[in-house]
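What follows is a single structure, written as structure tokens, with notes after it.
The values are calculated or read from the model by the stated rules, or taken from the named source; none is laboratory data. This one's a predicted model, so the numbers in the text were calculated from it and none came from an experiment. Cβ atoms come from the backbone with ideal geometry, glycine included; neighbour counts cover every protein chain shown.
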Amino acid sequence: MSQAVSDHRAAAPHSLNLAVMTVSDSRTMETDTSGALIVALAEGAGHRVLDRVIVPDEPERMTPWLRACAARRELHAVLVTGGTGISPRDQTHETITALLTKPLPGYGELFRMLSYAQIGPACLLSRAVGGLIGELVVLVMPGSRAAVELAMNQIILPELPHIVREARKRPGPKGA
């Protein structure tokens with residue numbers, strides 16, 4: 001890792017305020033093991049989960065909740081699990097992509113690259129996506145526990161504070 005990346009990570013906030021959204025038509029808080037894993041891993045890393053919901057894979061249900069999250073200045077990121085496949089019912093990717101003001105294509109690319117080592121070419125079926133809605137970081141991962149563990153441990157937890165720092169950075173004077 002370069003010194004510049006190390007310096008940016010060191011200057012990033014160490015404890016973030018998060019929200020977790022599980023996209024599912026069948027899970028409940030009791031059966032949502034992927035959402036629970038996100039909460040456990042995030043809190044284990046020192047972050048706070050301020051909100052957790054389960055929403056059906058319907059744009060008219062996801063969109064208002066995500067917009068409300070983007071309006072909450074104290075919230076740094078929303079971590080989403082589920083709805084990333086290619087079945088007709090899977091609409092999470094389209095819904096969230098339409099809301100993003102700044103996509104982070106590298107997130108999905110890196111997730112699929114790392115996923116390939118575990119599941120081979122079936123990783124092509126994942127439409128993990130990430131980006132910003134204003135200053136709010138939104139990262140979407142598939143609904144399986146294995147996918148959540150991969151995304152959280154290898155991408156999100158190591159890099160999320162740095163992403164948040166960059167997303168909230170105030171522009172300096174021109175020419176600086």
Condition (residue is surrounded by fewer than 16 Cβ atoms within 10 Å (Cβ to Cβ) and within 21 Å of Thr22 (Cβ to Cβ)) applied to segment 159-176: is it met by at least one residue?
no
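For every residue, the table says whether it meets (1) in contact (Cβ under 8 Å) with a residue 24 or more places away in the chain; (2) over 15 Å from Val138 (Cβ atoms).
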| site | (1), (2) |
| --- | --- |
| Thr33 | yes, yes |
| Val39 | no, yes |
| Ala42 | yes, no |
| Arg48 | yes, yes |
| Pro56 | yes, yes |
| Ala71 | no, no |
| Val78 | yes, no |
| Gly83 | yes, no |
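With respect to Val129, is the statement that it is under 23 Å from Val49 (Cβ atoms), surrounded by 17 or more Cβ atoms within 10 Å (Cβ to Cβ), touching a residue at least 60 places away in the same chain (Cβ under 8 Å) and touching a strand residue (DSSP E or B) at 6+ places or on another chain (Cβ under 8 Å) true? Spell out how you get there, then give the answer.
Details: under 23 Å from Val49 (Cβ atoms): yes; surrounded by 17 or more Cβ atoms within 10 Å (Cβ to Cβ): yes; touching a residue at least 60 places away in the same chain (Cβ under 8 Å): no; touching a strand residue (DSSP E or B) at 6+ places or on another chain (Cβ under 8 Å): yes.
Spelling it out, it is not the case that Val129 is under 23 Å from Val49 (Cβ atoms), surrounded by 17 or more Cβ atoms within 10 Å (Cβ to Cβ), touching a residue at least 60 places away in the same chain (Cβ under 8 Å) and touching a strand residue (DSSP E or B) at 6+ places or on another chain (Cβ under 8 Å).
Counting only residues that are of a type in the set (Gly, Ala, Ser), give me the helices (runs of 4 or more DSSP H) lying completely in segment 69-176 with at least 2 of them. Don't jump to the end; show me each part of the working.
Working: elements: 92-99, 105-119, 145-151, 157-167.
Of the helices (runs of 4 or more DSSP H) lying wholly inside segment 69-176, those with at least 2 residues that are of a type in the set (Gly, Ala, Ser) span 105-119, 145-151.
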So Ala68 passes all but one of these: (1) closer than 21 Å to Ile133 by Cα; (2) at pLDDT below 95. Which condition number does it fail?
(2)
